Amino acid sequence: MAIQALGWLASDAGQLGKFLNITGAQVEDLRQQANQPGFLISVLDYVMLSDDTILGFAEAAKLEPEQVTRAQFVLSGGGVQDWT
């Protein structure tokens, strides 16, 4: 899902610019960094920064926003959430 979110960011120059600005990443390094778990966490962290970004990505990816939240939690080492 984080790779999918990175593709979504890359398709929007404004969002990609903001992401690069916040993370300090360089466009030239995105492919290489896409294999790094820490970088992928930063992608989902960025998507979750605002309602607009999480809802925009979730809609584009045909996901529920909660799925994005869960993916970020698991990728960050939080394990699988069990709310029952």
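Details
- All positions within the range 54-84 that are among the aliphatic types (A, V, I, L, M), at pLDDT 95 or above and more than 11 Å from the chain's Cα centre (by Cα): LEU55, ALA60, ALA61, LEU63
- Test: residue in the range 49-62 that is touching a residue at least 40 places away in the same chain (Cβ under 8 Å), polar (S, T, N, Q) and surrounded by 14 or more Cβ atoms within 10 Å (Cβ to Cβ): no
- The range 41-78, residues that are of a type in the set (Ser, Thr, Tyr) and under 21 Å from LEU16 (Cα atoms): SER42, TYR46, SER50, THR53, THR69
- Boolean, GLN33 is in contact with a Phe, Trp or Tyr (Cβ under 6 Å, 6 or more places away or on another chain) and either of a type outside the set (Val, Ile, Thr) or without any contact (Cβ under 8 Å) to a residue 12 or more places away in the chain (or both): yes
The values are calculated or read from the model by the stated rules, or taken from the named source; none is laboratory data. Everything numeric in this text was worked out from a predicted model, so none of it was measured. FYI the Cβ positions are ideal-geometry reconstructions off the backbone, even for glycines, and counts take in every protein chain you see.
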